[in-house]
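The values are calculated or read from the model by the stated rules, or taken from the named source; none is laboratory data. What you are looking at is a predicted structure, and each value in this text was computed from that prediction instead of being measured. Virtual Cβ from ideal backbone geometry, glycine too; neighbours counted across all protein chains shown.
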Amino acid sequence: MNTAGARTPAVTTRLPNVGTTIFSVMSALAVQHGAVNLGQGFPDFDCDPALLDAVNHAMRSGLNQYPPMAGVPALREAVAAKIERLYGHRYDAGEEITITAGATQAILTAVLAVVHPGDEVIVLEPCYDSYVPNVELGGGRAVRVALTAGTFRPDFDAIAAALTPRTRAIMVNSPHNPSATIWTRDDLDRLAALLRPTDVLLIADEVYEHMVFDGVAHASASGHPELAARAFVVSSFGKTYHVTGWKVGYVAAPRPLTAEFRKVHQFNVFTVNTPVQHGLAQYMRDPRPYEELSAFYQRKRDLFRAGLARTRLRLLPSQGSYFQCVDYGAVSSLDEEAFCRWLTAEVGVAAIPLAAFYDDGRNQKLARFCFAKRDETLHAALERLARL
């Protein structure tokens, strides 16, 4: 074949500020140095075999062709029933619940459904790394508002100051990645009061909803009637059932919002893995797996915190999610990325710098660990961290 003169045309990137994520960088370093990887947020243990059996049964029963665009009816009904049981709000399973290819797709689809060029979307930093690119792909402008330094509590004065006639939506994540803090019912009340005179929508990222500790109930936007009326509420079966690689989630939203959501959903993924949906619907008949998840992860949190308490790392509160943040100021003067690289290479434990969750890469001497790991993994990490 004569390739003379062949060339790939130049492309103007739509995401000029996006490169290799810190998660990929740290995971590669962990492999290179044989480190215990507590950086990326996924379990290193298997899911319940009963869930695998339910999916296998669905496959072998011939449930392998396209499901309805919005999701298998039985699974949408199971989700609606769960939300009503936990939060007291009944969504219509047919018109207000959509099964998605993971929570990340759900958030992007919500943004693309409602954000127009020139619109503003408030994001609260530190934030999950897909939020801002999602807004930019929709032609919007991300307006960054920092959570309160030191506590990561919402700064409602700063949120109020960021609201303008161009604000289309605000993105709220609770339990919060990376800080492991939670929003309370009072926080939701204050947000509702701010949004009441506006048409601002809420995108509520609640993927860690079943990981809230110390006897505290998750405060869901679904359970707040005023917010539920203007919210896309996003959750994740992958996080709840230890199957992050399956990439299945859902969105609950009022009919008018769901109608717009599905217009985009049908053209970016159309629908989601059929036998997995049927298997999840079968598995959800028993509420115990999600009811007992907080206790399951609280035990791991407490084990991990007890070990960290024997180091010079200062523990920040971990109220929800499967993350633990630490202040390493007593250990090192390095900036956050340099410290996490050093920790991986020299101590043998990988963590993520909180600077990665900020636009300005601010250095607060904070790092995030993930404790969604087997006990032996946590013990191995703690044995190495004891050197600190």
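Condition test on Gly348, is it outside the structural domain of Pro73 (by TED's automatic domain parsing), of a type outside the set (Phe, Trp, Tyr) and surrounded by fewer than 21 Cβ atoms within 10 Å (Cβ to Cβ)? Step through it out loud before you land on a result.
Working: outside the structural domain of Pro73 (by TED's automatic domain parsing): yes; of a type outside the set (Phe, Trp, Tyr): yes; surrounded by fewer than 21 Cβ atoms within 10 Å (Cβ to Cβ): yes.
Yes; evaluated as a whole, the condition is true for this residue.
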*asked:* Out of Arg262, Arg314, I need the residue that is surrounded by fewer than 21 Cβ atoms within 10 Å (Cβ to Cβ) and either in the same structural domain as Ala113 (by TED's automatic domain parsing) or in contact (Cβ under 8 Å) with a residue 60 or more places away in the chain (or both). Which one?
replied: Arg262
*Residues of region 354-385 satisfying the condition of being modelled with pLDDT of 95 or more, surrounded by fewer than 19 Cβ atoms within 10 Å (Cβ to Cβ) and among the small types (Gly, Ala, Ser)*: Ala380
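Among the helices (runs of 4 or more DSSP H) lying completely within region 191-309, list those that include at least 1 residues that are farther than 28 Å from Val55 by Cβ. Break it down stepwise before answering.
Numbers: elements: 225-228, 237-241, 255-268, 274-283, 288-291, 293-308.
Correct list: 225-228, 255-268, 293-308.
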*Identify the residue in region 164-186 that is surrounded by fewer than 18 Cβ atoms within 10 Å (Cβ to Cβ) and under 27 Å from Leu112 (Cβ atoms) and, among all such residues, is farthest from the chain's Cα centre (by Cα).*
Pro165
*Please tell me if Ala93 is hydrophobic (A, V, I, L, M, F, W, C), out of contact with any helix residue (DSSP H, G or I) (no Cβ under 6 Å at 6 or more places or on another chain) and in the same structural domain as Phe270 (by TED's automatic domain parsing).*
no
*Subset of region 129-158 [free of Cβ contacts under 8 Å to residues at least 40 places away in the same chain, within 22 Å of Thr104 (Cα to Cα) and part of a helix (DSSP H, G or I)]*: Asn134, Val135
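Residue-by-condition table, conditions (1) in contact with a Gly (Cβ under 7 Å, 6 or more places away or on another chain); (2) at pLDDT below 95; (3) of a type in the set (Ser, Thr, Tyr):
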{"residue": "Gly94", "(1), (2), (3)": "no, no, no"}
{"residue": "Thr100", "(1), (2), (3)": "yes, no, yes"}
{"residue": "Ala110", "(1), (2), (3)": "no, no, no"}
{"residue": "Val114", "(1), (2), (3)": "no, no, no"}
{"residue": "Val123", "(1), (2), (3)": "no, no, no"}
{"residue": "Val143", "(1), (2), (3)": "no, no, no"}
{"residue": "Ala149", "(1), (2), (3)": "no, yes, no"}
{"residue": "Arg153", "(1), (2), (3)": "no, no, no"}
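Just to be sure before I move on: is Gly361 touching a helix residue (DSSP H, G or I) at 6+ places or on another chain (Cβ under 9 Å), over 12 Å from Gly39 (Cβ atoms), free of Cβ contacts under 8 Å to residues at least 40 places away in the same chain and small (Gly, Ala, Ser) in the structure I sent?
Against the criterion (touching a helix residue (DSSP H, G or I) at 6+ places or on another chain (Cβ under 9 Å), over 12 Å from Gly39 (Cβ atoms), free of Cβ contacts under 8 Å to residues at least 40 places away in the same chain and small (Gly, Ala, Ser)), Gly361 qualifies.
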*asked:* Could you check region 19-75 and list, in sequence order, the residues that are of a type in the set (A, V, I, L, M), in contact with a strand residue (DSSP E or B) (Cβ under 9 Å, 6 or more places away or on another chain) and either modelled with pLDDT under 90 or closer than 28 Å to Arg384 by Cβ (or both)?
replied: Ile22, Met26, Leu29, Ala30, Val31, Ala35, Val36, Leu38
